[in-house]
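Below is one structure, written out as structure tokens; the observations come after it.
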Amino acid sequence: MGDFFKSVKFKIIICILALLVGIMIYSVTQGGTSIAGSNLLGGVFKPVRKLSHSISNKVETKIDMYINAGGYYNENQALKKQISELYNKLTEYENAKKEIEELRKFIGIKEENEQYELSPPCSVIGRVANDPFGSFIIDRGSNDEIKVYDPVVTGEGLVGVVVEVASNYSIVRTILSPEVSLGGLCVESRDTGIVEGSVDKASTGLCQMVYINKENNIQKGNLIITSGNSGLFPQEYIIGTVVETGINENGLTAYAIIQPTVEINKLTTVIVIKSMPSDNDSENGEINEN
């Protein structure tokens, strides 16, 4: 530090400061008017003043932050708490909306199928690992009187069937699986067939109706529903819409590719039909178990 005060740089700074003080004193003695030299120096030192002002503001800000750090911290924590509370309320609101919507669907299903005994809404709590057909687990089981082969639905359409039941959960196999097959009916043409899943269609969320009469009138966009010839699946329940039709390689029967109305891989809540007016185990509706 002592070397700085002895340096040429320090001496230059002292000279400049002395010059500036002299100019200010002269300006005061001249009644506040400035001389040409002072104007010149003012122009020269204008950037310096701006820099000095900027530095001064920053220093003041730093000092303010240092002095009031505790207050700012408490205010920040209070704001974080408010944001967290608002976020929780928003989450609760969205969950309540979903729950209300699911209850509306449940009520709609109940009103349209008064003869059926339905479970309360069941939440999808997991997916069956390595299953390409979208099998999933629901949070209700034998404690809720759910049984193997009970149909599973939503307000949009048929989902699948219960294939395994524990006390407090069940496993549902979907209509995308080849191991689930049921009678299908085209609403527009009244042609019938067997609806089942397939390995090559499941990856795109599709299933198919096979064993259709070759001379059928099914067209793209037609609606396919359950034929309900037995009590295993509900009658006239929506399955999906036709996206493609064709003749099988053997040339004897036709097929239709179906887009289910239910998005299987996005399900969060379903309903189990626990009983129907008749309860037969044979027909077009069957579950092929390994």
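The values are calculated or read from the model by the stated rules, or taken from the named source; none is laboratory data. Keep in mind that this is a model prediction, so the values were computed, not measured. Virtual Cβ from ideal backbone geometry, glycine too; neighbours counted across all protein chains shown.
Do you know which residues across the stretch 135-162 are part of a strand (DSSP E or B) and surrounded by fewer than 19 Cβ atoms within 10 Å (Cβ to Cβ)?
Applying the first criterion (part of a strand (DSSP E or B)) to the stretch 135-162 yields 136-138, 151-153, 158-162.
Within the stretch 135-162, 137 is the sole residue that qualifies.
Among (1) out of contact with any strand residue (DSSP E or B) (no Cβ under 8 Å at 6 or more places or on another chain); (2) more than 26 Å from residue 253 (Cα to Cα); (3) not hydrophobic (A, V, I, L, M, F, W, C), where does residue 142 come up short?
(1)
Quick one: which of 110, 89, 97 is modelled with pLDDT under 90, outside the structural domain of residue 151 (by TED's automatic domain parsing) and more than 30 Å from residue 161 (Cβ to Cβ)? Outline the logic, then answer.
On the way: 110 fails: more than 30 Å from residue 161 (Cβ to Cβ); 97 fails: more than 30 Å from residue 161 (Cβ to Cβ).
One residue alone meets the criteria, 89.
Among the numbered criteria (1) in contact with a Pro (Cβ under 9 Å, 6 or more places away or on another chain); (2) not in a strand (DSSP E or B), which single criterion is violated by residue 273?
(2)
Is there a residue in the stretch 244-253 that is among the aliphatic types (A, V, I, L, M) and under 21 Å from residue 180 (Cβ atoms)? I'd like the intermediate steps shown before the answer.
To start, the set of residues in the stretch 244-253 that are among the aliphatic types (A, V, I, L, M) comprises 247, 252.
Then keep just the ones that are under 21 Å from residue 180 (Cβ atoms); that gives none.
Looking through the stretch 244-253, none of the residues is among the aliphatic types (A, V, I, L, M) and under 21 Å from residue 180 (Cβ atoms).
Strands (runs of 3 or more DSSP E) wholly in the stretch 177-246 with at least 2 residues that are surrounded by 20 or more Cβ atoms within 10 Å (Cβ to Cβ) and among the small types (Gly, Ala, Ser) - which ones?
Working: elements: 180-186, 192-196, 207-213, 223-226.
Those strands (runs of 3 or more DSSP E) span 180-186.
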